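What follows is a short report on a single structure.
The values are calculated or read from the model by the stated rules, or taken from the named source; none is laboratory data. Owing to the predicted nature of the structure, the values given are computational and were not obtained by experimental measurement. As a convention, Cβ positions derive from the backbone with ideal geometry for all residues, glycine included, and neighbour counts pool all protein chains shown.
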Amino acid sequence: MATAKSKGTIETPLDGGTFISLQKSSNEGDLSMETKLHLLYNLQQADSKIDKIHLLRGELPLEVQDLEDDILGLRTRVENLQTELKEVDKLIAQKKIDLENSKTLIEKYTSQQNNVKNNREFDSLSKEIEFQGLEVQLADKRIKENTLLQAEKKAALTIALEALSERGIDLENKKKELESIVAETAKEEDELKKSSEEISAQIDARMLAAYKKVRTNARNGLAVVTVRRDACAGCFNKIPPQRQMDIASSKKIIVCEYCGRILVSADFENE
């Protein structure tokens with residue numbers, strides 16, 4: 001025969017930092033268990049209203065962050081392209097100088113060939129002229145290659161600058177939209193946050209920690225829910241009649257055995 005549970009023990013299969021660690025009797029502490037449950041419920045209501053305000057903002061904060069990241073990436077790309085263009089311009093300018101120098105040497109060596117005294121000098125000058133001719137061809141080739149590269153870099157820079165401008169406009173519009181929504185709800189949110197902090201200050205530290213953990217793990221942010229139509233308002237699983245009576249009495253913490261949320265009487269909603 002199973003041993004009867006002691007009065008006030010939390011009935012839940014959960015452990016590890018949730019409400020199971022709060023095995024308190026209804027008479028423990030300065031506040032009654034009903035008062036503690038009311039505090040938890042009121043805290044949940046305040047936090048849920050703050051959640052709704054954040055939901056009203058929708059994806060705008062994320063969109064603003066994404067646009068800021070895009071702009072940062074585009075600015076880096078623009079800077080890199082500008083640096084690369086300067087290097088290409090510098091290389092083209094140098095190759096043009098090399099080209100002119102080689103042409104000047106060819107003219108010089110050609111002129112000297114007219115005044116040579118023997119075949120050896122003539123052949124030596126011919127080799128120099130041939131070598132400088134190759135240098136002219138190579139310089140000309142490099143100039144053409146880098147001119148094409150220069151055009152590609154300029155086109156890429158133009159596209160990046162246009163994208164940067166567009167993203168900047170989008171970011172400005174998104175920020176204005178977000179600021180407008182924040183401004184409309186700022187006063188209400190501040191009041192709710194203040195209320196949440198004041199209520200939290202009255203709740204036992206371990207109970208508050210358990211509340212925050214369950215709330216964080218819940219998809220809808222609900223850690224404290226009422227019983228509606230004989231079911232948990234958090235996961236909608238049926239609650240046995242005897243358990244409902246315990247919940248209605250508000251004399252001990254009752255936790256949903258399916259989702260781990262703390263259950264309170266539906267009367268709390270009217271109060």
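Could you tell me whether Ala183 is at pLDDT below 85, surrounded by fewer than 17 Cβ atoms within 10 Å (Cβ to Cβ) and among the aliphatic types (A, V, I, L, M)? Considered against the rule, which asks whether it is at pLDDT below 85, surrounded by fewer than 17 Cβ atoms within 10 Å (Cβ to Cβ) and among the aliphatic types (A, V, I, L, M), Ala183 comes out as yes. Each residue in segment 153-181 was checked for being out of contact with any helix residue (DSSP H, G or I) (no Cβ under 7 Å at 6 or more places or on another chain) and either of a type in the set (Gly, Ala, Ser) or under 30 Å from Leu55 (Cβ atoms) (or both), and 9 pass. Annotation note: of Gln202, Gln150, the sole residue that is touching a helix residue (DSSP H, G or I) at 6+ places or on another chain (Cβ under 7 Å) and surrounded by fewer than 16 Cβ atoms within 10 Å (Cβ to Cβ) is Gln202. Pairs linking a residue in segment 141-155 that is closer than 16 Å to Arg77 by Cα to a residue that is among the hydrophobic types (A, V, I, L, M, F, W, C) and surrounded by 13 or more Cβ atoms within 10 Å (Cβ to Cβ), with Cβ atoms under 6 Å and 6 or more positions apart or on different chains, are Gln150/Val88; Lys153/Leu81; Lys153/Leu85. A search for C-beta distances below 6 Å between a residue of segment 182-208 that is within 19 Å of Leu60 (Cβ to Cβ) and any residue that is part of a helix (DSSP H, G or I), counting only pairs 6+ apart in sequence or on different chains, returns Thr185/Ile53; Glu189/Ile53.
Exactly one residue among Lys238, Lys212, Lys176 is under 27 Å from Gln65 (Cα atoms), free of Cβ contacts under 8 Å to residues at least 40 places away in the same chain and in the same structural domain as Leu40 (by TED's automatic domain parsing), and that residue is Lys212. Here Ile143, Ile169 are screened, and the one residue that is exposed (fewer than 15 other Cβ atoms within 10 Å of the Cβ) and in a helix (DSSP H, G or I) is Ile169. Candidates are the residues of segment 79-128 that are out of contact with any Ser or Thr (no Cβ under 9 Å at 6 or more places or on another chain), among the hydrophobic types (A, V, I, L, M, F, W, C) and under 23 Å from Glu145 (Cα atoms); the one that is surrounded by the most Cβ atoms within 10 Å (Cβ to Cβ) is Leu81. Among the residues of segment 186-199, those that are within 24 Å of the chain's Cα centre (by Cα) and surrounded by 13 or more Cβ atoms within 10 Å (Cβ to Cβ) comprise Glu189, Lys193. Only one of the numbered conditions (1) at pLDDT below 90; (2) touching a Ser or Thr at 6+ places or on another chain (Cβ under 7 Å) is violated by His54, and that is (2). Against the condition surrounded by 14 or more Cβ atoms within 10 Å (Cβ to Cβ), free of Cβ contacts under 8 Å to residues at least 60 places away in the same chain and either within 23 Å of Ala163 (Cβ to Cβ) or not assigned by TED's automatic domain parsing to the domain that holds Ala163 (or both), how does Asp66 come out, does it pass? Spelling it out, Asp66 is indeed surrounded by 14 or more Cβ atoms within 10 Å (Cβ to Cβ), free of Cβ contacts under 8 Å to residues at least 60 places away in the same chain and either within 23 Å of Ala163 (Cβ to Cβ) or not assigned by TED's automatic domain parsing to the domain that holds Ala163 (or both). For segment 218-229, state whether one or more residues are more than 35 Å from the chain's Cα centre (by Cα) and either within 16 Å of Leu37 (Cβ to Cβ) or buried (at least 16 other Cβ atoms within 10 Å of the Cβ) (or both). Looking for residues that are more than 35 Å from the chain's Cα centre (by Cα) and either within 16 Å of Leu37 (Cβ to Cβ) or buried (at least 16 other Cβ atoms within 10 Å of the Cβ) (or both), one finds at least one in segment 218-229, hence yes. Of note, Ala93 satisfies the criterion of being without any contact (Cβ under 8 Å) to a residue 60 or more places away in the chain and either in a helix (DSSP H, G or I) or of a type in the set (S, T, N, Q) (or both).
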